[in-house]
Amino acid sequence: MSEANTKVMKYEDFVDYFYYDATSPSCLRWLKPTTSNIKVGDKAGVLSGSGYWQVTLKKKIYKVHRVIFLLFNKSLDSNKAVDHLNGNRTDNTMEKLCEKSFANNKRNRKKSVNNKTGINGVRIYKNKQGREYALAYWYANGIRYEGSYFRLDLYAEGKALELAELERNRAIQNLIETGYNYTERHGK
């Protein structure tokens, strides 16, 4: 999930209300309660439907991992993402959080739930004549690149997908060697 439209967050807006505590489920606790049903020391945050801890402050919702990063670093570039290095959206321990560009954050992402081939970066393409192809794709500098088209009916079962996957893996390896930060978790 992109954090590109995240609100501008300032250290001063949060330091009086929260403190970091790794024993809290969200790793954040209330320092200054905002309602009568919250007490000093209560865990801060609720799990959202997308699996992130979030907290409401002054009628605005914030992702807890961004608040924690801000509390430790006193600044957070609004054009950057805070990545969960281990891929666990609920693990907000500071040592598991890192500021990254949005592109690098996506390179630490697991395989999409919408993936129909079971292979990250490989999709099935159907042309106007109804022929199906396995197609590898990848991104660099915001540009989508596509590999060769492997016709499914011309290869033994699954071979077209394997060839597309091999082509994508080679492209990703070349990107890693030229400085793109794909992680071993990417697509798993």
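Each value in this text was obtained by applying a stated rule to the coordinates, not by laboratory testing. No experiment lies behind these values; they were computed from the predicted model shown. A quick note on method: Cβ atoms are made from the backbone with ideal geometry, for glycine too, and the neighbour counts reach across all protein chains shown.
For this structure, a couple of remarks:
- Segment 1-106: C-alpha gyration tensor shape, a/c 1.5 cut-off, then a/b vs b/c: prolate
- With K and R counted +1 and D and E -1, the other residues having a Cβ less than 15 Å from that of residue 125 yield a net charge of +3.
- Centre separation in Å (Cα based) which lies between segment 1-79 and segment 126-187: 39 Å
- Pairs beyond 19 Å (Cα-Cα), from 39/96; 58/106; 10/74: 39/96; 58/106
- Relative contact order, percent, segment 8-79 [alpha-carbon distance under 8 Å, six or more residues apart]: 29 percent
- Total charge dipole magnitude, the chain, about the Cα centre, Cβ charges on Lys, Arg, Asp, Glu only, Debye to nearest 20: 540 debye
- Computed over the chain, the alpha-carbon pair-distance distribution with 10 angstrom bins reads 9, 30, 25, 18, 12, 6, 1, each value a whole percent.
- Charge tally around residue 139: other residues with Cβ under 12 Å, Lys/Arg +1 each, Asp/Glu -1 each, net +4.
- Local electrostatic count at residue 151 - Lys and Arg +1, Asp and Glu -1, tallied over other residues with Cβ under 10 Å: -1
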